[in-house]
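The structure appears below as structure tokens.
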Amino acid sequence: MSSTMLEVGPRLAVALVVLTLIAAVVAGIGQLGPWRSIPVAAVRATVQLGAVSLLIAAIVSSLWFTALFVVVMVGIAAWTSGQRITRAPTRPERVTAALWAALPIASGSLPIVLGLIAGGLVPVQGIAIVPIAGILIGGAMTATSLAGRRALDELETRHGEVEAALSLGFPDRDAALEICRPSAGQALVPALDQTRTVGLVTLPGAFVGVLLGGGSAVEAGATQLLVLIGLLAVESIAIVVVTELAARARLTRESATGRQGIGEKTG
């Protein structure tokens, strides 16, 4: 076994359990939210990655299976973001939220992936398409969740300012955008910071993956640069689209008292 590869065995299992416990205990003591979600997420990740590891050879050997897998990734990302943004209590509302959340995720990630393939930068092979698509879809999902939550939070807490803008003659959409757009735009900060500090603070996954796969440092750097700049494009598109959806009351959140969903048109 190559010394650069992670050894799968008891030591890895112990490390994963210890890291999960540390995260759960710290979250519980610090009252960061429901600490049980951390071990649940860790177990889900283990099961899901185990299943994907067993299936990946069959998936990447066929372009049709690869395309289907990418569609599934978008669907799961949309479901996750939809729930994060709206906290919808019923299944029909969750489905509606997921359908709307799919728009910023897909519009941000899929055109970029297709463009990279068409430009010859990503080979038309499942083994290349799946990881690149996964990274970009994941970035779009994170940006959509963060921007959507921030937008609806602002519309909820600053509802009076939205009403004031409406009283001045602003259209519903414009009034909502004036309030929620600056905060939603902050969702791009993590991607910006990662891009600005790459190589100085972090060596992200694509760089390390190419090195572990036997590529040169220059190839690893070029691949990582492509991924980082691609993420900036993907996340920018996703943030603009999800903010627009929040301002147009397509993504809404029902208040605890059953009042009108935040972001609903008030005119």
Accessible carbon and sulfur surface of segment 91-182 relative to its total accessible area, %, 1.4 Å: 64 percent
Two-site FRET efficiency, ARG250 against ARG11, from Cβ-Cβ distance with R₀ of 35 Å, rounded to 0.05: 0.10
Potential extension, SER62-LEU232 segment - 0.36 nm per residue separation minus Cα distance: 58.3 nm
Entry for Cα extents along the principal axes in Å (calculated from the structure that is shown) out of (i) 69, 47, 38; (ii) 43, 42, 39; (iii) 67, 44, 30: (i)
Overall form of segment 80-200 per C-alpha gyration tensor (a/c, 1.5; a/b vs b/c): prolate
Amide proton proximity set for ARG253, modelled H, under 5 Å, gap of 5+: ILE262
Reduced Cα scattering model of segment 1-136, Debye log10 I(q)/I(0), q = 0.11, 0.18 Å⁻¹: -0.59, -1.18
Rough spin-label spacing in nm, given labels placed 7 Å along Cα→Cβ, for GLN125 and LEU49: 2.4 nm
J(HN,Hα) series, segment 37-54, from Karplus relation 6.51 cos²θ - 1.76 cosθ + 1.60, nearest Hz, glycine and proline x: 5, 6, x, 4, 5, 5, 5, 4, 4, 4, 5, 5, 5, x, 5, 5, 4, 6
Estimated [θ] at 222 nm from DSSP helical runs (n ≥ 4, -39500 (n - 2.57)) normalised by residues in the chain, nearest 500: -25500 deg cm²/dmol
Average accessible area per residue (Å²) across segment 1-141 - probe 1.4 Å, nucleic acids and ligands excluded: 64 Å²
Contour excess over end-to-end distance, with Cα ends at GLU161 and VAL18 and 0.36 nm allotted per residue: 46.8 nm
Angle between the chain longest axis and helix 63-86 axis [Cα atoms, degrees, rounded to 10]: 40 degrees
Of all accessible heavy-atom area on segment 1-63, the percent that carbon and sulfur account for (1.4 Å): 75 percent
C-alpha long axis of helix 10-29 to longest principal axis of the chain, angle in °: 20 degrees
Nearest 10 degrees, 0 to 90: helix 217-247 Cα axis against the chain principal axis: 20 degrees
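The values are calculated or read from the model by the stated rules, or taken from the named source; none is laboratory data. Being a predicted model, the structure only gives us computed values, none of them experimental. Cβ atoms come from the backbone with ideal geometry, glycine included; neighbour counts cover every protein chain shown. Accessible surface areas use protein heavy atoms only, side chains included; no ligands, DNA or RNA. Shrake-Rupley method; radii C 1.70, N 1.55, O 1.52, S 1.80 Å.
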